[in-house]
Amino acid sequence: MINYENTDFEDNDFIDDENVDKNMNINEEKSNATRFISAYNVIDQTLRSVYNFKRNMTFSDVIRKAVSLNSVIRRYEDKLIDYARLRNAIIHNSSDEVIIAEPHIEVVEEMERIANLVSKPPLVINSIQRKDILTIDSNLPIKKAIELFGVSGFKALPVYENNKIIGNATPARVIGVLGNALHEGNDLEKFVQNTPIKQILEENDAEIYYCVRGENLTVQEALDLFYHNRKLSTILITKSGSVFDRITILLTVSDIMDLSKIVEDYE
């Protein structure tokens, strides 16, 4: 449960549902204005809590600062700024008898959907259809890995050594290595037959070209990982986020569109 007590919202002072109902003389169970303000407050408080924003920041400043941190806010930045103005009209321009601004139901429902996305973001594991995952041993020759890429059509082959994830082989990495081998005058046939896949992996690949996360990874967090690191090609999801766990879901850049669609269609 979100605690709104003792929070200074500056010109966007927090007003709870009970006070909105009382001040606006609402007889319905919940008016559009009440629902709108409730959703607004959930977004405001959640962002302040998650990102530790200063208490004296206005809602609009909170939104602008969260744009670089949260894929949902990036998507709805302009609308949320507009809705901040609407919120101020409802609160500051209303009397006990008259509601100056009563939001349309479409606006209320969209605000509630955004609030749910921000406060209760969907997990990748519950949102993405699971696909087959092919992993390889670290000693597998590059030639065999190339054959697997060709036969399977997979864009990533996670590499295990002693039941531990030590890397992630991709066609782009293999092609780069083969190009260097050609440039150095190596016999390609011998090179791919005699070189294990682990020799083309770099120690600093993790978090640059691939990362391992737990099953608590949200769709929003996955989108943010790809957004902030344009070199990231693969997200490997294991039960606890440990490299010793079995991979349950593998995400590549080709999944970004599906992840974005989940945010767009979220109810």
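The values are calculated or read from the model by the stated rules, or taken from the named source; none is laboratory data. These numbers were taken from a predicted model, which means no experiment stands behind them. FYI the Cβ positions are ideal-geometry reconstructions off the backbone, even for glycines, and counts take in every protein chain you see.
Looking across the range 34-57, the residues that are in contact with an Asp or Glu (Cβ under 6 Å, 6 or more places away or on another chain), surrounded by 15 or more Cβ atoms within 10 Å (Cβ to Cβ) and either modelled with pLDDT of 90 or more or not in a helix (DSSP H, G or I) (or both) come down to 38, 39. Residue pairs whose Cβ atoms lie under 6 Å apart, sitting 6 or more positions apart in sequence or on different chains, and linking a residue in the range 234-251 that is assigned by TED's automatic domain parsing to the domain that holds residue 213 to a partner that is of a type in the set (S, T, N, Q), are 234/168; 234/252; 237/248; 245/238; 247/238.
Taken together, 82, 78 contain a single residue that is part of a helix (DSSP H, G or I) and within 15 Å of residue 104 (Cα to Cα), which is 82. With respect to being among the charged types (D, E, K, R), in the same structural domain as residue 170 (by TED's automatic domain parsing) and buried (at least 17 other Cβ atoms within 10 Å of the Cβ), residue 224 fits the description. With the condition kept exactly as written, say whether any residue in the range 150-161 is in a helix (DSSP H, G or I), surrounded by 14 or more Cβ atoms within 10 Å (Cβ to Cβ), in contact (Cβ under 8 Å) with a residue 12 or more places away in the chain and aliphatic (A, V, I, L, M). No - not one qualifying residue is present in the range 150-161. Remark: pairs (first residue in the range 40-59, under 21 Å from residue 110 (Cβ atoms); second residue exposed (fewer than 13 other Cβ atoms within 10 Å of the Cβ) and β-branched (Val, Ile, Thr); Cβ separation under 9 Å; 6+ apart in sequence or on different chains) = 41/2; 42/2; 45/2; 46/2. Counting residues in the range 107-122 that are of a type outside the set (S, T, N, Q) and assigned to a strand (DSSP E or B) gives zero.
Tell me whether the range 69-78 contains one or more residues that are at pLDDT 75 or above and farther than 29 Å from residue 226 by Cα. No: zero hits. Suppose we keep only residues that are small (Gly, Ala, Ser) and in a helix (DSSP H, G or I) within the range 123-149. Which one would you say is surrounded by the fewest Cβ atoms within 10 Å (Cβ to Cβ)? Applying the filter and picking the extreme gives 127. For the range 200-221, what are the residues that are in a helix (DSSP H, G or I), under 25 Å from residue 174 (Cβ atoms) and touching a residue at least 24 places away in the same chain (Cβ under 8 Å)? 200, 205 - these are the residues of the range 200-221 that are in a helix (DSSP H, G or I), under 25 Å from residue 174 (Cβ atoms) and touching a residue at least 24 places away in the same chain (Cβ under 8 Å).
Among the candidates 240, 254, the residue that is at pLDDT 95 or above and surrounded by fewer than 13 Cβ atoms within 10 Å (Cβ to Cβ) is uniquely 240. Among the residues of this structure, residue 66 does not count as one that is under 17 Å from residue 262 (Cα atoms), of a type outside the set (S, T, N, Q) and at pLDDT 95 or above.
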